[in-house]
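Undergrad: Let me give you the structure first, and then I'll get to my questions.
Just so it is clear, none of the values below were taken in a lab; they were calculated from the coordinates. Note that the coordinates shown come from a computational prediction; the quantities given were computed from them, not determined experimentally. With ideal geometry, Cβ positions are generated from the backbone for all residues, glycine too; neighbour counts draw on all protein chains shown.
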Amino acid sequence: MRQKPLVVISACLAGQRTRYNAALIHSQRLIDFLTERFRLFPVCPEVEAGLPVPREPINLHGSPLAPSLIGVQTGADYTFRVTERCLEILDHLEHDPPSGMVLKSRSPTCAAVTPIPVHDTMARPSGQALGVFARLARRRFPDVPVADERILSFSPALDGFARVVGAKAYTEAAPPEENS
Ligand code: SF4
């Protein structure tokens, strides 16, 4: 039997206590809907990079083209360690590529649909960017449908997402057509 398509999901959306403030923010309805149809692969690049729960909030700083992950309270630069972990996650996924991604909105690491503010050294807005993991993931898997939990809170969008993810998985599993 063919296995269900793989969907990468932010661990906090999958019910894990990984948020900076240790809050649980998942929607059981979303998890039930997705697990019925897909194999979920939860990732939290921040926690997997060794950041604790709870931890200080992080903002994006610097150039909107390549922003850094900077701690709001200490000014610590988490960019290198989190980016390293993002790349390890994506390398791992090359062996079992995802057919979809559901990533947390408004996160400096996971925001994948709507860009979030980037700040300059004076904490003034200098532009907008996607989260560090989201940007790398979209670049590595450019054809994979991506959504966030805000979009998927609307039933038609959730059904539509499931359809396009299923279609992508089906297309990739189909044997190539032979030339006549
Ligand atoms: S938004 Fe991303 S980095 Fe933040 S807690 Fe959720 S999975 Fe981890």
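Undergrad: With a cut-off of at most 13 other beta carbons within 10 Å, and DSSP calling the residue loop, which trypsin sites (Lys or Arg not before Pro) in segment 1-86 qualify? Please list them.
TA: 2
Undergrad: Among 54, 80, 133, whose Cα lies farthest out toward the positive end of the dipole of segment 9-137, if unit charges sit on the beta carbon of Lys, Arg (+1) and Asp, Glu (-1)?
TA: So the residue furthest toward the plus end is 54.
Undergrad: Taking the Cα centre of the chain as origin and charging only Cβ (+1 Lys, Arg; -1 Asp, Glu), how large is the dipole, in debye to the nearest 20?
TA: Around 480 debye, computed over the chain.
Undergrad: In segment 56-137, what GluC sites (Glu not before Pro) fall in a loop by DSSP, with at most 16 other Cβ atoms inside 10 Å?
TA: Answer by residue number: 94.
Undergrad: Still on this structure, please answer the following. With contacts defined as alpha carbon pairs under 8 Å and 6 or more residues apart, what's the relative contact order of the chain in percent?
TA: 21 percent
Undergrad: Using the alpha-carbon centroid of each, what span in Å lies between segment 112-180 and segment 33-101?
TA: Each part's Cα centre sits 14 Å from the other's.
Undergrad: If you don't mind, there's one more thing I want to ask. Among 6, 68, 20, whose Cα lies farthest out toward the positive end of the dipole of the chain, if unit charges sit on the beta carbon of Lys, Arg (+1) and Asp, Glu (-1)?
TA: 20
Undergrad: Let me ask something additional. Would you list the P(r) distribution for segment 6-172, with all Cα-Cα distances sorted into 5 Å bins from 0 and each bin expressed as a whole %?
TA: Spelled out per bin, shortest first, that is 2, 9, 18, 22, 20, 15, 9, 4, 1, 0.
Undergrad: Further question on the same structure: How much of the DSSP bridge set in the chain is antiparallel, in percent, rounded to the nearest 5?
TA: 40 percent
Undergrad: While we're looking at this one, here's another question. Check every DSSP H run in the chain and write down those whose alpha carbon atoms cover 20 angstrom or more along the long axis and whose mean Kyte-Doolittle hydropathy is -0.5 or greater.
TA: Counting only whole DSSP H runs, the qualifying helices are 79-93, 155-173.
Undergrad: By the gyration tensor of its Cα atoms, with a ≥ b ≥ c the square roots of the eigenvalues, what is the shape of segment 135-178: rounded for a/c under 1.5, prolate for a/b over b/c, or oblate?
TA: oblate
Undergrad: Once every DSSP H run of n ≥ 4 in the chain is given -39500 (n - 2.57) and the sum is divided by its residues, what mean residue ellipticity at 222 nm do you get, rounded to the nearest 500 deg cm²/dmol?
TA: The helix contribution divided over the chain gives -9500 deg cm²/dmol.
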